[in-house]
1. Those residues that are touching a residue at least 60 places away in the same chain (Cβ under 8 Å) and crowded, with 21+ Cβ neighbours inside 10 Å, I need them from region 157-174; list them, please.
2. Give the residues of region 368-414 that are at pLDDT below 90 and β-branched (Val, Ile, Thr), sorted by residue number.
3. Among the residues of region 247-265, what is the count of those that are in a helix (DSSP H, G or I) and either buried (at least 24 other Cβ atoms within 10 Å of the Cβ) or at pLDDT below 95 (or both)?
4. Considering each residue of region 355-374, count those that are assigned to a loop (DSSP other than H, G, I, E, B), over 29 Å from Gly283 (Cβ atoms) and either in contact with a helix residue (DSSP H, G or I) (Cβ under 8 Å, 6 or more places away or on another chain) or of a type in the set (Phe, Trp, Tyr) (or both), and give that number.
5. Limited to region 283-298, what total is found for residues that are more than 17 Å from Asn242 (Cα to Cα), among the hydrophobic types (A, V, I, L, M, F, W, C) and either in contact (Cβ under 8 Å) with a residue 24 or more places away in the chain or surrounded by 19 or more Cβ atoms within 10 Å (Cβ to Cβ) (or both)?
6. What is the one condition in (1) out of contact with any helix residue (DSSP H, G or I) (no Cβ under 6 Å at 6 or more places or on another chain); (2) buried (at least 18 other Cβ atoms within 10 Å of the Cβ) that Gln385 does not satisfy?
7. Out of Ser322, Ser341, Ser352, report the one residue that is in a loop (DSSP other than H, G, I, E, B) and within 26 Å of Asp260 (Cβ to Cβ).
8. Can you confirm whether Phe393 is assigned to a loop (DSSP other than H, G, I, E, B), closer than 18 Å to Val264 by Cβ and touching a residue at least 12 places away in the same chain (Cβ under 8 Å)?
Amino acid sequence: MLRIYAFLWSIASAFNLTSQEVHPLLEYMPATFEQKQEIVQWSSVENPFKLVHATHYDAQHVTLFQKFPGLISTIPYISLGFMPTPLMCADNLALHLGIKKLYIKRDDALGGHTTQHRLPSGNKVRKLEFLLADALSWGCTHVITCGAAGSNHVLATAGYSYHLGLKCTGMLTPQYNSTMVQRNLLRHLMFSTTQLEYSPSARERDEYIRNTCASEYSYTKRLPYFIPTGGSIPLGVVGFVNGGLELAQQLELYHIAPPDYLYVPAGTVGTMAGLVLGLKAAGISTRIRAVVVAPVVKKSAFIERIIKLITATNMYLHERDSSFPLYTITENDFDVIYTQSGQEYGKSTCESEHACAITSHFTSLALDNTYSGKAMAAIIKDINQLEDKSVIFWNTFDGYTWPEEPDWSESNYTQSLWYKNYTLMPESLHVYFERK
């Protein structure tokens, strides 16, 4: 991702852009909100920035704004999903596993809808409520993001960009093929403002983004709003700081003692980073166990990245509301579980398939083999440690089948008319439907 930022700044230099005109990048620079506003005001071009912030209704119903009202007027926000999401007591599954108590935080129920069809659900919506509000605040009409071919993040960004009237370019890179990859690719066809591009490598993807930004600036004098993989930057992570505060509020409302552990899948680590900070801010002692979903080459660098992201998000919020406490985050503040990653990103394991099957049987909830199934598999592996413990499983997966779709669990779904729509996608993506 750093290469992309460097590319965009090089474009800024080449075209002699003002700081205002590279507005999406200001968020990554070491400046406070006020300093960024001052930088914008130095520009000779009319200042386009108008903060899209929480409405009066949001201020009353979004836990982050209830607890830290100073943030209402200082961070971008637009309501996209249905919150709070349910906190479900999964007694039958807990009994089967031999766990004292198991709760499921159901971000599968987070997604919105239009009059025509559903919009994507799952954990990515929480981040987009802040990121897309920022895009609107800067007057952007085009969002660029990236991810693997079956990326939930790219799909969610495309869906909610469409909902807000924004063009979205999804930059996709190769991924191990699966039913869920095919499902997510086909869902992009529901959003007419989406353009998918496929690059065989991250380097070629970054080059395409650079060229797209340069071309767009030449014609429109504006740059697109860029969201990195997973939306895991401080502004996106704020969505899960709110998630942690939301959970704490539910525990208090339902008179539930803080559980011992919270299991959540970890890819770009934005979700777990926000939850660590949110639970700290709420004074909840529940320990986050982040389940890594792809092989990690250097564990120390992975831990360092988590700590830096939590710390940067903490500083971001404190700068905008000084009542938000500053914390010293160390590796002792969370657990990272590496045993469920499997051979590669997106590839199922025997353990994740088993976890998906028993979760469906005892709760009727669908999990996926890329993220949520691996987090549940970690709970199953740890059951000897959890016999007398209370556990929360944070379900990040959008498990709903849309009305237009076949039953993805049936082996003959490839014969459906919906599946054959893949021919409407860029030819470079047909390989995910034609190669056995």
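1. Thr157, Tyr160, Leu172
2. Hit for region 368-414 is Thr401, nothing else.
3. Residues that pass the stated criteria total 1.
4. Qualifying residue count, region 355-374: 6.
5. Result for region 283-298: 6.
6. (2)
7. Numbers: Ser322 fails: within 26 Å of Asp260 (Cβ to Cβ); Ser352 fails: in a loop (DSSP other than H, G, I, E, B).
Being in a loop (DSSP other than H, G, I, E, B) and within 26 Å of Asp260 (Cβ to Cβ) holds for just one of Ser322, Ser341, Ser352, which is Ser341.
8. Spelling it out, it is not the case that Phe393 is assigned to a loop (DSSP other than H, G, I, E, B), closer than 18 Å to Val264 by Cβ and touching a residue at least 12 places away in the same chain (Cβ under 8 Å).
The values are calculated or read from the model by the stated rules, or taken from the named source; none is laboratory data. Everything numeric here is computed off the predicted structure, so don't read it as measured data. Neighbour counts are summed over all protein chains in view; Cβ atoms, including those assigned to glycine, are modelled from backbone coordinates with ideal geometry.
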